[in-house]
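One structure below.
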Amino acid sequence: MAEASGAARIERLLAAMTPAERIGQLVMLTGDMAVTGPGIAEDAVGRVRRGEAGAILNVWGYARTRALQRVAVEESRLRIPLLFGFDAIHGHRTILPAPIAEAGAFDPGLWQRTAALTGAEAARDGIAWSFAPMLDIARDLRWGRMVEGPGEDPWLAAQFARAKVEGLQSAGIAATAKHFVGYGASRAGRDYAQSELSPRSLEEVHLPPFRAAVEAGVLSVMPAFTEIDGVPLTAHRVLLGDVLRGRWGFAGVIVSDYTAIDELIAHGVAADHAEAAALALAAGVDIDMVGRSYALGLAEALARGLVTEAMIEASVRRVLTLKDRLGLLDDPYRFGVPGGAVPDAASRALARDAARRSIVLLSHRLPVLPLDPPPASLALLGPLAASAADLLGPWAGDGRPDEAVSLAEGIARVFDATEIRTAPGVPDETALDAALRFAQDAEAIVLALGESREMSGEAASRARPGLPADQERLARAVLALERPVVVLLVAGRPLTVPWLFERAAAVLALWHPGSEGGHAVADVLAGRWNPSARLAVSWPHDVGQAPISYDERPGGRPFAPGNRYTSRYLDLPNAPQFPFGHGLSYSRFELGAPVPERRRVRAGERLAVTVPVENHGPRAGETKVFLFSRDPVASVSRPLLELRAVERVALAAGARATVRFELAIDRLGFIGSDGVFRVEPGEIRLYAGPSADRSLLREAVIEIVA
Ligand code: BGC
């Protein structure tokens, strides 16, 4: 009923619109509350009043969104409400762990709850549309945007996509699957560079999370800044048109990335705004985010016969349909409440829990953790020790440093009987000396090192993703004291610090843990939380190993120790410092071999596989069991490992359990060299284990019969 009347209303509006008003619905202007690209000053109010804009970026808050909405609804000719969009990537006001961190919780329920909180907070602040989830598969730590997404694995990313879309949209706002597609393969990890991708890696690695988002009902999609094979994604008729809209049936809104339609000129595929507009529209891009091409070039493109009125109408219809789906045509003021989104006890508790579940115990060379009983004194050293802003990380929405708990604050609260002294230890000798004095006097030493929030995210590629020089100097000086040192790494990417792993007693990857980061870390240090998170990306020894992921194919000369003429480096191992899925616990879990319920299976069937698990350690904890497979002989070479499922299991000390997986045999199929999907008969190896470290996996063999 509502649908039908909505569709009729949209057609009435379309019929009443002038050509300029139609184009206006396809234009998104930016406010100046957040800077996410080269700024462009706009006379936003006047343009809204004249019906020259249908959506607004980077304006939030009850009063501001309402004031601008009032101009659209009371002063523009057709009174069409505006869509307010903003990047709610890992939180709006309450900041949750960065996606690369939260992915490591391997917990769809958690991902959904944090997205629902983010969506609800954004909606309370007047936002109807979030530019999340970011679903770019990232395998190169040089690329700063690795922090925004779910890591290296397509199956994991697809689970993440589903949970995030459902969570955000459960709050009544629209989610955006971005950046479609292949942006994470940016050449040499440099942002905005071209992507070199084979059709197979596109299909098997980069597209799956987007497909999952579409299946979960995502209401919008954003093409990537990048280009593949010379075709910018913003103008990619095959990927946007044939695959996304055609093969997958996506009927929602495609919004360009920030000024990406204009950038078709810089890419060298359009001569002017009219050509750029025509290319994007023909590929199915409905909204021009902040660019000038639709506003200045679309009418001209129509006059030159590069686009048709029907193409423009189709895009306007999709935009109006989105506004209708969000309830804006019925109630333009339905988003936003006075007071906006203020963190409360429940949002803080969720942020603390999510952060604890995202902290990875990378190494534990000496048994120093947990700090239980608490030490009498503790030196907390490093530039990340007292900084709350850096715990929020990049893309922190409306997250406010003064509402975030720094490491120093969180640790002081949890270790309330410990004498804590904090010093940055950088940038100069004086600071270093002060830090060393604190270290010498303290019973426990904790170093808080890593990246500031500006060092990852968009436009934050690093060719040398180690520690900044002054931090390295501090760390080396403290380690030279020959005392056990616990290191907390704050970062948006793996950091290549092999020397640190060799000498620190224990290292925890905090990533950017969010508003409650300080409390969450303190919970882990104190043993109130037993670390359970895993790496969603391989953590290399050195940048020279990038790009790196666990799912490589064997090649004709797979590495063989002692044989130079096999695939290897002369100066580094092939394996990363820590594999995908790695993460230690204060307990010890033992996993048995996978037990398939039968050996012979057929396409279309399901197979139960069980894996016994036991907690041999002294504490209750949660572990994760990974199920991989390998097809050793197929018509095309298949990866050495492919992730099929992950189960979380919480066990008391000494307890055992049996984890049960349900594997759809069709997932073992692949696209043949003829481009056709098939499930080939033959042997399949199943592997269960704690990570993608092949030396730790236990095997079972099944056979697909025709
Ligand atoms: C980013 C997008 C983001 C947009 C709006 C761009 O620079 O690439 O991910 O959604 O800005 O802030």
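The values are calculated or read from the model by the stated rules, or taken from the named source; none is laboratory data. It should be emphasised that the depicted structure is a prediction, and the values quoted were computed from it without experimental measurement. Note: ideal-geometry Cβ built from the backbone for every residue, glycine included; neighbour counts use all protein chains shown.
I'd like the full set of residues that are outside any loop (DSSP other than H, G, I, E, B) and surrounded by 22 or more Cβ atoms within 10 Å (Cβ to Cβ), limited to the range 215-226. Within the range 215-226, 220, 221, 222, 223 meet the criteria. Of the residues making up the range 96-125, those that are within 16 Å of the ligand (Cβ to nearest atom) and either assigned to a strand (DSSP E or B) or of a type outside the set (A, V, I, L, M, F, W, C) (or both) number 4. Please tell me if residue 287 is β-branched (Val, Ile, Thr) and away from the ligand (no atom under 16 Å from the Cβ). When the stated conditions are applied, residue 287 does not pass them.
Contact map, the range 403-416: first residue under 13 Å from residue 513 (Cβ atoms) and basic (Lys, Arg), second residue modelled with pLDDT under 95 and part of a helix (DSSP H, G or I), Cβ cut-off under 6 Å, separation 6 or more or different chains; the map is empty. Total residues in the range 160-215 satisfying the condition of being aromatic (Phe, Trp, Tyr) and touching a helix residue (DSSP H, G or I) at 6+ places or on another chain (Cβ under 6 Å): the figure is 2.
Does the range 180-191 contain at least one residue that is surrounded by fewer than 24 Cβ atoms within 10 Å (Cβ to Cβ) and within 16 Å of the ligand (Cβ to nearest atom)? Yes - at least one qualifying residue is present in the range 180-191. Going through (1) in contact (Cβ under 8 Å) with a residue 40 or more places away in the chain; (2) in a helix (DSSP H, G or I) one by one, residue 245 falls short only on (1). Among the candidates 120, 128, 158, 116, the residue that is among the small types (Gly, Ala, Ser) and either more than 25 Å from residue 172 (Cβ to Cβ) or within 12 Å of the chain's Cα centre (by Cα) (or both) is uniquely 158. Only residues that are in contact with a helix residue (DSSP H, G or I) (Cβ under 8 Å, 6 or more places away or on another chain), in contact (Cβ under 8 Å) with a residue 60 or more places away in the chain and outside any strand (DSSP E or B) were counted in the range 583-632, giving 4.
Of the residues 357, 413, the single one that is basic (Lys, Arg), surrounded by fewer than 17 Cβ atoms within 10 Å (Cβ to Cβ), farther than 30 Å from residue 15 by Cβ and touching a Gly at 6+ places or on another chain (Cβ under 9 Å) is 413. If I filter the range 130-143 for residues that are in contact (Cβ under 8 Å) with a residue 24 or more places away in the chain, of a type outside the set (S, T, N, Q), away from the ligand (no atom under 16 Å from the Cβ) and in a helix (DSSP H, G or I), do I get at least one hit? Among the residues of the range 130-143, not one is in contact (Cβ under 8 Å) with a residue 24 or more places away in the chain, of a type outside the set (S, T, N, Q), away from the ligand (no atom under 16 Å from the Cβ) and in a helix (DSSP H, G or I), which makes the answer no. The set of residues in the range 322-350 that are more than 21 Å from residue 23 (Cβ to Cβ), surrounded by fewer than 22 Cβ atoms within 10 Å (Cβ to Cβ) and either among the acidic types (Asp, Glu) or in contact with a His (Cβ under 8 Å, 6 or more places away or on another chain) (or both) comprises 330, 331, 344. Taking the numbered list (1) away from the ligand (no atom under 16 Å from the Cβ); (2) among the hydrophobic types (A, V, I, L, M, F, W, C); (3) in a helix (DSSP H, G or I); (4) within 24 Å of residue 320 (Cα to Cα) in turn, residue 156 passes all entries but (4).
So how many residues does the range 124-161 have that are under 28 Å from residue 336 (Cβ atoms) and surrounded by fewer than 24 Cβ atoms within 10 Å (Cβ to Cβ)? Going through the range 124-161 one residue at a time, the tally reaches 1.
Considering 260, 270, 277, the condition of being of a type outside the set (Ser, Thr, Tyr), out of contact with any strand residue (DSSP E or B) (no Cβ under 6 Å at 6 or more places or on another chain) and within 16 Å of the ligand (Cβ to nearest atom) is satisfied by 260 alone. Just checking, which of 307, 319 is among the hydrophobic types (A, V, I, L, M, F, W, C) and part of a helix (DSSP H, G or I)? Every option except 319 fails the conditions. Within the range 109-125, residues that are on the phi > 0 side of the Ramachandran plot have Cβ atoms under 6 Å from residues that are crowded, with 24+ Cβ neighbours inside 10 Å and assigned to a helix (DSSP H, G or I) in no pair, counting only partners at least 6 apart in sequence or on another chain. Applying the criterion of being more than 30 Å from residue 112 (Cα to Cα) and either among the aliphatic types (A, V, I, L, M) or within 16 Å of the ligand (Cβ to nearest atom) (or both) to the residues of the range 67-92, the residue that is farthest from the chain's Cα centre (by Cα) is 78. For residue 319, the conditions (1) surrounded by 21 or more Cβ atoms within 10 Å (Cβ to Cβ); (2) over 30 Å from residue 282 (Cα atoms) are fulfilled apart from (2). The residues listed here are 477, 459; of these, the one that is on the phi > 0 side of the Ramachandran plot, touching a residue at least 12 places away in the same chain (Cβ under 8 Å) and surrounded by fewer than 23 Cβ atoms within 10 Å (Cβ to Cβ) is 459. Right, residue 386: away from the ligand (no atom under 16 Å from the Cβ), closer than 16 Å to residue 522 by Cβ, modelled with pLDDT of 95 or more and not aromatic (Phe, Trp, Tyr) or not? So residue 386 passes the test. Against the conditions (1) surrounded by 24 or more Cβ atoms within 10 Å (Cβ to Cβ); (2) within 14 Å of the ligand (Cβ to nearest atom); (3) touching a residue at least 60 places away in the same chain (Cβ under 8 Å); (4) not in a strand (DSSP E or B), residue 298 satisfies every one except (2).
Across the range 42-53, the qualifying residues are those that are in a loop (DSSP other than H, G, I, E, B) and within 16 Å of the ligand (Cβ to nearest atom), and the one among them that is surrounded by the most Cβ atoms within 10 Å (Cβ to Cβ) is 53.
Can you confirm whether residue 435 is farther than 19 Å from residue 502 by Cα and either in contact with a Cys (Cβ under 7 Å, 6 or more places away or on another chain) or not in a helix (DSSP H, G or I) (or both)? So residue 435 does not fit the description; no.
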